[in-house]
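Nothing in this text is a laboratory measurement; each read-out follows from the coordinates by a stated rule. These numbers were taken from a predicted model, which means no experiment stands behind them. Here Cβ is always computed from backbone atoms with ideal geometry, including for glycine, and neighbour counts include all displayed protein chains.
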Amino acid sequence: MDQEWETIGRLHAWLEQANQLPPEQAVLLRMLKLTEETGEVAQAIIGATGQNPRKGTTHNWHDVQAELCDVIVTAMVALRTLTPTAEEVFTAHLDGVAKRSLAQPPAEASG
């Protein structure tokens, strides 16, 4: 995953170079960008399932996949914005989640 984090570093540098806001404001807005991208996932799901009768089917599941990828990239850039050791922070966190989750079988669904 080194190549992906190298790309994230380049995207972070590109955003920093273009930034004209005070650093604190830029950080907050970069975090809010996650909400925007998550909303686009919801919009694509609604469009793929045709749940807006006025618009009909406007998206497909490939659009949903692309929007999910945008969420992941945005989150990675946001993490890199908070720390230059984003890759290590993410890896340690993922390892912790895996240890907690995979150490026991999934809970039975009730219903």
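Selection of region 74-99 for residues being in contact with a His (Cβ under 6 Å, 6 or more places away or on another chain) and among the aliphatic types (A, V, I, L, M) yields only V77. Number of residues in region 67-84 that are loosely packed, with under 14 Cβ neighbours inside 10 Å and either more than 9 Å from the chain's Cα centre (by Cα) or not in a helix (DSSP H, G or I) (or both): the value is 3.
For (1) without any contact (Cβ under 8 Å) to a residue 60 or more places away in the chain; (2) at positive phi, each residue gets a yes or a no:
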position	(1), (2)
I8	no, no
H12	no, no
P22	yes, no
L32	yes, no
G50	yes, yes
E87	no, no
